[in-house]
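Below is one structure, written out as structure tokens; comments come after it.
The values are calculated or read from the model by the stated rules, or taken from the named source; none is laboratory data. Keep in mind it's a predicted model, so treat the numbers as computed, not measured. Cβ: placed from backbone, ideal geometry, glycine included. Neighbour counts: every protein chain shown. Just the protein is used for accessible areas: all its heavy atoms, side chains included, with ligands, DNA and RNA removed. Shrake-Rupley method; radii C 1.70, N 1.55, O 1.52, S 1.80 Å.
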Amino acid sequence: EPPIAQPRIHPIAHAPSISDRIAMTPIKKFLKNIVGYNPVAWVIYRKEMKARVAEFLPTIPDECSGKKFDIIISPWLGTGVPFFTLCLGLMIARNGGEVRFVIDDLPYGANHIRHKQVLSAIRDVMRNVGQRFDVLTLSDFAPEPLSEKDREEITRLAELNATWKLRGEMAEKGRAKLVAREIAQNSLAQEHIAGFFKATSHPEMVLTPNGFFGHSGLWMWTAREHNIRVATFDAGTKQAILVASDGLACQLQDIPRAFRQLQKGHQAGEVGYDLAISQANEELMNRRSGTDRFAYQIGDTGSEDDAGNGAILIALNSSWDAAALGVHRAFESNTGWIVETVRYLLENTDLGIIVRQHPIERLPIAATTDDYARLFDSEFGSQERLRFIAADEPINSYALLEKVAAVVVHTSTFGIEAAAFGKPVITGSESYYANLGFVAYADNKEGYFDLLSRAVSSQLSVGPIEQENAKLCYYVTQCCNWLFSPFNPVEFTQWVREPIEQWFHDPATKIMLETFMTATPVASLNHRNRLAPAVAASTGMP
């Protein structure tokens, strides 16, 4: 298997830099308490990044393919995201793309001091870049009046970002203030973004981080209104990154294309389908045992708990997770979906109902402010048929899966897994897998409750073809869609010490660049690499 298919853990081994030594001292804590971040370290980051850019610029050829790419650079709350984005833009140019950089300098967030210093560092670094490339500044473009559609999108994004910042949908304290600030800042930004697209030639692709946080959601919205492809990336955990050639990486919006490409290849007689199903089965078993790469699931405890026999299992997402934000269709909110689903099942069936909190919420990094136990108590009181399983309860979700009659999901990967195990799955959300044929999807309440009714009366079934398609989707998402490299937004302070040239030749970077430049999903490219030995064996080629 090529190196890219596995985590590539090779920490940089040399003495701590000046910025590291600063970060290790009490200065960091003191400065964070005063201004909310470490301004001294950013002086060092600016210097280091200028050196890396100066080294790499002479390696970029004058010739280009003619394909135009706009690269959006923004402060991004004082993280390494803008410099990671810059490096990707320079690498795209190295590969022949005609690149234009846009500094999004309009205010975002509550820490104005941090925003100004990071923006100053970005401008300083981009002065060197501007000697070779067009570097535009968003505030230089005349604002355009907001349309009604613009205002609706600004409000939608403001509400989603407030949920993200509050780590949950139920928290109300501070929400109104957050939403108001988001609307004010994003309204100003959107006026200039609209002015930018009116005044400039349109590229083949816009690259922006994330695609819903900060102003990135506005860049995605406006570019798509102009029929421009938008590529995004999203940091997962250390040494892991998600990338989408067209859409939100965090919501796996490239997956349907990768799924259908593999499916089409199988129908055309290409090798690789059996490999996909085999590796999906292996990953499913690893996930069940809690020994997969990310270990989000609690391992099988051997519990003999029989509460799930014949019940309906509702598998929750983290409501604030970017992967789950904004994809409800039958319902307006996560809370509404949960409450109305439970109420329907209590009033129209005599089955048991199990609500399983996402196991990842037991970890500090994914903790939520949503209080599900309190929600159920206030809405339903004591109900023998309703059981809530908290994130940290030592109960394996897959052990439950064997016993339940059907599964209800929002966007959870568990929906794919349940279908792969032959369980009917119902969703009212437009997740990446909702329309791939192995789950029952409705985009309105009437259709959704009809599906629930059919599920509880055993009128929904999952046959061998649907199970195989679920496994194919699982392979594409869990085995092929991740990239693993030290070159990622999270570990900026490490990789910035090495030449950009080194990361340009990194296998994961090569996949990223091909994805951005050709609009080919990462999962398709990783599948191709996984398949290479089998293809070579079948053709007799070395």
Restricting the range 424-448 to residues that are in contact (Cβ under 8 Å) with a residue 24 or more places away in the chain and open to solvent by 40 Å² or more (accessible area, probe 1.4 Å), the residue that is nearest to Asn317 (Cα to Cα)
Glu430
Hits in the range 73-91 (condition: under 22 Å from the mean Cα position of the chain (by Cα), part of a helix (DSSP H, G or I) and of a type outside the set (Phe, Trp, Tyr))
Leu77, Gly78, Val81, Pro82, Thr85, Leu86, Cys87, Leu88, Gly89
Inspect the range 258-277 for any residue being within 30 Å of Phe492 (Cα to Cα), crowded, with 20+ Cβ neighbours inside 10 Å and at pLDDT 95 or above and give the result as yes or no.
yes
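Where in the range 329-413 are the helices (runs of 4 or more DSSP H), entirely inside, with at least 3 residues that are surrounded by 21 or more Cβ atoms within 10 Å (Cβ to Cβ) and at pLDDT 95 or above?
334-348
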Restricted to the range 12-65 and to residues being of a type in the set (Phe, Trp, Tyr) and out of contact with any Gly (no Cβ under 9 Å at 6 or more places or on another chain), the residue modelled with the highest pLDDT is Phe56
If I go through the range 92-107 residue by residue, how many of them are part of a helix (DSSP H, G or I) and within 25 Å of Ala162 (Cβ to Cβ)?
0
Selection within the range 198-234 - open to solvent by 40 Å² or more (accessible area, probe 1.4 Å) and either at negative phi or small (Gly, Ala, Ser) (or both):
Lys198, Ala199, Ser201, His202, Glu204, Trp221, Arg224, Glu225, His226
So Lys423, is it over 22 Å from the mean Cα position of the chain (by Cα), in a loop (DSSP other than H, G, I, E, B), at pLDDT below 95 and more than 20 Å from Val522 (Cα to Cα)
no
Across (1) part of a loop (DSSP other than H, G, I, E, B); (2) modelled with pLDDT of 95 or more; (3) under 26 Å from the mean Cα position of the chain (by Cα), Ala110 clears everything bar (2)
Meets criteria (open to solvent by 30 Å² or more (accessible area, probe 1.4 Å) and part of a loop (DSSP other than H, G, I, E, B)) for Glu159
no
Output yes when any residue across the range 456-474 is out of contact with any helix residue (DSSP H, G or I) (no Cβ under 8 Å at 6 or more places or on another chain), among the β-branched types (Val, Ile, Thr), modelled with pLDDT under 95 and within 28 Å of Leu275 (Cα to Cα), and no when none is.
no
